[in-house]
Each structure stands twice: as structure tokens, then as C-alpha cells.
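First up is the structure itself, then whatever we jot down about it.
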């Protein structure tokens, strides 16, 4: 199986990905601040308060083994929240957000999960084996 490990993402790289979506939508998401946090459970978020900003987990975005497709999908997922708020005034994972996901190429699924990674083949073989070993240990 091909190893689809990604890269270490910088603010500039994320901003570039957002600019591509801005070009499609006519919005200005790339003008918003981009922050990193040590969150271990949330891959990213869009906060609409004030002028708004994007936050991404250092744990994932600074891990070169994290699949490129997962990082891009997370950026697009959070951009869809920004887009939904700007165009429709909505927050959350409702119909307008799912429509925004489809427009920017994000999976219209509220939470990223192991099943999604496996369905799209996003886990490297090394990580897959490590996860399987840990699961087996937990079953004992």
C-alpha cells in the first residue's frame, strides 16, 4: 500500500489552501488569523466571534506522518464553517454547512473518524499496524 504521509503544515501553507477556496467562493477566509493549539481531540475549528479565526491542532498538523488528505479535508471542513456563517449566518453541521462542504471539496461529515480514514485508505501501513496492536492489547 502506498504511504500517504503528509508534511508539516505552516500557517502560510494553510493560508494558501484557504486562498484557493476564496478564489472559488469570492470570500476572504485567507485574511483571517490562523492559530495552532495543542488540542489532541479536535483537528481544527473556525471561531466566528469578532472578526473570526481558524485554529488547527499542532499534534496533527505538525506530524509529518499524518496523511495529506486528512489535513486538506480538515482545512476545507473548517472553511465550510466559515463559508456557512458568512453566506447563511449558520453555525454547526446542518444542511447549509454540508452544501458548503460539497462546494469546497470537504467530506460533509461532522467528525473525522477512524472509519473515514480507513474508507479512504488514509492511514499509513505503519500507523495502521500500531493502531491494530494497541486495539488488540486493549481487548486482552
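A few remarks follow.
- Among the residues of the stretch 27-80, those identified as part of a strand (DSSP E or B) and free of Cβ contacts under 8 Å to residues at least 24 places away in the same chain are 34, 35, 37, 47, 53, 55, 57.
- Given (1) modelled with pLDDT of 70 or more; (2) touching a helix residue (DSSP H, G or I) at 6+ places or on another chain (Cβ under 6 Å), number of the condition residue 137 does not satisfy: (2)
- Entry remark, the stretch 83-131: residues being surrounded by 14 or more Cβ atoms within 10 Å (Cβ to Cβ), modelled with pLDDT of 90 or more and assigned to a helix (DSSP H, G or I) number 14 in total.
- Within the stretch 11-43, the set of residues being surrounded by 14 or more Cβ atoms within 10 Å (Cβ to Cβ), within 24 Å of residue 90 (Cα to Cα) and at pLDDT below 95 comprises 42, 43.
The values are calculated or read from the model by the stated rules, or taken from the named source; none is laboratory data. Here the structure is a predicted model, which is why all the values come from computation and not from measurement. Cβ sites come from the backbone with ideal geometry, for glycine too, and all protein chains shown count toward neighbours.
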